[in-house]
1. For residue 66, work out the one condition from (1) part of a helix (DSSP H, G or I); (2) over 15 Å from residue 26 (Cβ atoms); (3) without any contact (Cβ under 8 Å) to a residue 12 or more places away in the chain it doesn't fulfil.
2. I need a count of the residues in region 86-97 that are exposed (fewer than 15 other Cβ atoms within 10 Å of the Cβ) and part of a helix (DSSP H, G or I).
3. Scan region 44-52 and tell me whether some residue there is within 18 Å of the chain's Cα centre (by Cα), closer than 25 Å to residue 99 by Cα and either modelled with pLDDT of 90 or more or not in a helix (DSSP H, G or I) (or both).
4. Take the conditions assigned to a helix (DSSP H, G or I), touching a residue at least 24 places away in the same chain (Cβ under 8 Å), surrounded by fewer than 17 Cβ atoms within 10 Å (Cβ to Cβ) and over 13 Å from the mean Cα position of the chain (by Cα) and apply them to residue 106. Does it pass?
């Protein structure tokens, strides 16, 4: 009987670990976006990395587009953002987003104020 209980406990533990380690599609998309922003930054934002990355990950990109499809209202976007914050890679995603926005500010000085406000909001999270 003790062995049966031990097997049941170990089985439940394994299933819990397995379910926790599997990321949601949204988290996978967040990680993909992080990789793309990081690679783009490492290539001086010249666009070559992003173009190559998208070509190599077309299927994943389509999945990600479907996740965001039709979610243009503020409530839907907030729900997605809340879910993203629970992803293990969200911290790195946030940092890469800030770095990309700082670069964008250099390219679009007329938008600097708005970009700075967005950066400030991200840092406050």
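The values are calculated or read from the model by the stated rules, or taken from the named source; none is laboratory data. Not measured: the values here are computed from a predicted model. Here the Cβ is made from the backbone with ideal geometry for all residues, glycine too, and neighbour counts use every protein chain on show.
1. Only one criterion is unmet by residue 66, namely (2).
2. Residues that pass the stated criteria total 1.
3. Yes, region 44-52 has at least one match.
4. Details: assigned to a helix (DSSP H, G or I): yes; touching a residue at least 24 places away in the same chain (Cβ under 8 Å): no; surrounded by fewer than 17 Cβ atoms within 10 Å (Cβ to Cβ): yes; over 13 Å from the mean Cα position of the chain (by Cα): yes.
No, not satisfied.
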